[in-house]
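The values are calculated or read from the model by the stated rules, or taken from the named source; none is laboratory data. As the structure is a computational prediction, the values presented were derived from the model and not from experiment. Here the Cβ is made from the backbone with ideal geometry for all residues, glycine too, and neighbour counts use every protein chain on show.
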Amino acid sequence: MSPVPVVSSPAMPGRIEITPADRFLECFHPATCHRNYAFMFHNIAEIQFPIMYIAKRAANAQYVLRKSSDDTIVWADSARGIMDKYVAGLVEKGLLTSPNPYMTFREFVMNAVINKLLFGNQYIYAYTDKNDGRLWETCGTYYVLPSQSVTVEQTGRSVIGGTADVRYRYADGGAIRILPGDMVFHLKDLPTFTSTREGQLLGRSRLDAQKYPVSNIIAVYEARNAIYVKRGALGLIVNQKKDADGTMAMTPAEKANILQDFQNTYGVVGDKAPVAISQVPVSYVPIGMSISELRPFEECLLDAAAIAGAYGVDSNLIPRKDNPTFNNLNTAELNVYNSVVMPEVKSWLDGFNRFLGLYDAGYYIDALWDDVSILQDNAQRMENAKSSVSARCEREFKAGIITLNDWRAAIGRERLEGDIYNKTLLDMTWQEVQQINSIKGI
């Protein structure tokens with residue numbers, strides 16, 4: 001029996017039997033895949049790893065309220081303006097502290113990211129009577145709905161058009177809740193590329209394209225489990241009794257005595273002797289494949305790398321026996337932050353701010369990464385490198401080797417308009433040198 005109780009779709013008409021490969025692949029059937037994805041996330045480390053890696057780092061950000069006019073952070077305890085204090089009191093002290101009675105905002109963010117990456121759809125429900133475009137003011141409770149319990153409906157017939165006729169059906173325990181479309185912030189991961197009304201509204205999970213790596217991992221775990229519990233014969237005990245005429249057959253009593261003696265005296269359960277002694281000359285021939293011969297760990301690592309790659313997580317970050325060097329790990333984690341985590345958070349906040357109506361009110365929720373040590377260490381290294389380059393350019397400029405614009409370009413600044421900025425000190429007149437000396441900074 002498989003250690004992973006995947007739920008397969010109903011057998012197709014005329015199908016006589018389901019092969020092991022079919023059994024693994026059928027867990028991706030649209031009718032059952034969401035239930036299986038939830039089970040696999042909680043039970044298969046190779047699937048949970050990249051999703052949790054991104055979600056935890058998205059939750060590491062510090063979420064603050066900013067004012068759109070000047071991008072300043074607005075704090076409820078120090079805001080001077082009446083409007084600033086009012087908005088910050090509702091958003092900073094409310095939503096960004098505890099969006100619902102069950103979780104903090106960081107837990108809320110992690111839950112939202114997991115649902116999007118695992119199921120391909122994320123649903124955030126504003127628990128209030130109506131949406132008048134100012135949810136930040138009128139709603140104080142938000143829930144991340146479990147995506148596998150939500151279906152999208154559209155009452156209209158046309159695919160092209162508005163979403164006013166969209167509603168969400170949520171299976172809340174034993175009850176069904178019908179949620180208006182404007183009360184749910186729905187974010188999709190991948191498009192479905194279908195022409196149906198429901199297909200246009202739903203996203204797809206990245207796991208849909210990982211059928212074979214996931215199936216391989218399930219099969220490997222099943223095979224390893226079978227070997228560890230020693231299912232079937234591991235080897236043969238071969239008779240070595242001989243006389244002058246050749247090999248002698250063991251009697252039934254001798255065979256029984258060997259097995260009984262081994263189990264009673266040298267077995268693996270209880271206080272058993274570590275060395276076996278046989279009164280009959282025998283030899284042992286192994287017939288089962290060992291773990292090392294199947295090489296399941298290499299197979300799992302390759303499949304885990306494929307799944308992690310689908311989420312943009314470098315394979316160097318996958319826990320393994322031969323861990324990569326510290327520098328490689330740092331570089332890989334920085335790449336994940338810069339190319340996956342921060343863009344994911346930025347995109348999510350943009351949609352969430354619109355859903356709350358904060359943009360229209362002149363505010364927005366932003367993510368700060370000041371508390372993330374690896375990003376701060378990298379920023380410090382870049383600043384030190386920039387200072388070193390600037391010091392070298394200053395020496396070369398004063399020696400008449402490069403121009404002022406060459407200096408600016410080397411440290412990542414824009415070039416200035418004017419002939420004087422494209423001259424070396426040796427090419428400048430005395431008046432131009434005095435003009436350059438009067439410039440504070442470059």
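Among the residues of region 61-86, those that are buried (at least 16 other Cβ atoms within 10 Å of the Cβ), over 33 Å from the mean Cα position of the chain (by Cα) and of a type in the set (A, V, I, L, M, F, W, C) comprise Ala76, Ala79.
Of the residues Ala304, Ala273, the single one that is over 30 Å from Asp132 (Cα atoms), touching a Ser or Thr at 6+ places or on another chain (Cβ under 7 Å) and modelled with pLDDT under 90 is Ala273. For Lys56, the stated conditions do not hold, so it cannot be described as farther than 30 Å from Leu334 by Cβ and modelled with pLDDT of 90 or more. Once region 386-442 is narrowed to residues that are of a type in the set (Asp, Glu) and assigned to a helix (DSSP H, G or I), the residue that is surrounded by the fewest Cβ atoms within 10 Å (Cβ to Cβ) is Asp419.
One residue stands out among those in region 196-240 that are modelled with pLDDT under 70 and part of a loop (DSSP other than H, G, I, E, B): the one that is nearest to the chain's Cα centre (by Cα), which is Thr196. If you scan region 105-117, which residues turn out to be surrounded by fewer than 17 Cβ atoms within 10 Å (Cβ to Cβ) and either outside the structural domain of Leu202 (by TED's automatic domain parsing) or farther than 21 Å from Tyr363 by Cα (or both)? Listed by number, the list holds a single entry, Glu107. Among the residues of region 361-368, is there at least one that is free of Cβ contacts under 8 Å to residues at least 24 places away in the same chain and either surrounded by 17 or more Cβ atoms within 10 Å (Cβ to Cβ) or aromatic (Phe, Trp, Tyr) (or both)? Looking through region 361-368, none of the residues is free of Cβ contacts under 8 Å to residues at least 24 places away in the same chain and either surrounded by 17 or more Cβ atoms within 10 Å (Cβ to Cβ) or aromatic (Phe, Trp, Tyr) (or both). When the residues of region 17-50 are filtered to those that are outside any helix (DSSP H, G or I) and more than 15 Å from Ile307 (Cβ to Cβ), the one that is modelled with the lowest pLDDT is Ile18. Restricting attention to region 91-104 and to residues that are surrounded by fewer than 19 Cβ atoms within 10 Å (Cβ to Cβ) and either of a type in the set (A, V, I, L, M, F, W, C) or assigned to a strand (DSSP E or B) (or both), the residue that is farthest from the chain's Cα centre (by Cα) turns out to be Asn100. Under the condition of being more than 16 Å from Gln240 (Cα to Cα) and either of a type in the set (Val, Ile, Thr) or not assigned by TED's automatic domain parsing to the domain that holds Gln240 (or both), which residue from region 250-270 is modelled with the highest pLDDT? Among residues in region 250-270 that are more than 16 Å from Gln240 (Cα to Cα) and either of a type in the set (Val, Ile, Thr) or not assigned by TED's automatic domain parsing to the domain that holds Gln240 (or both), the one modelled with the highest pLDDT is Thr265.
Checking the stated criteria, Gly120 turns out to be buried (at least 22 other Cβ atoms within 10 Å of the Cβ) and at pLDDT below 95.
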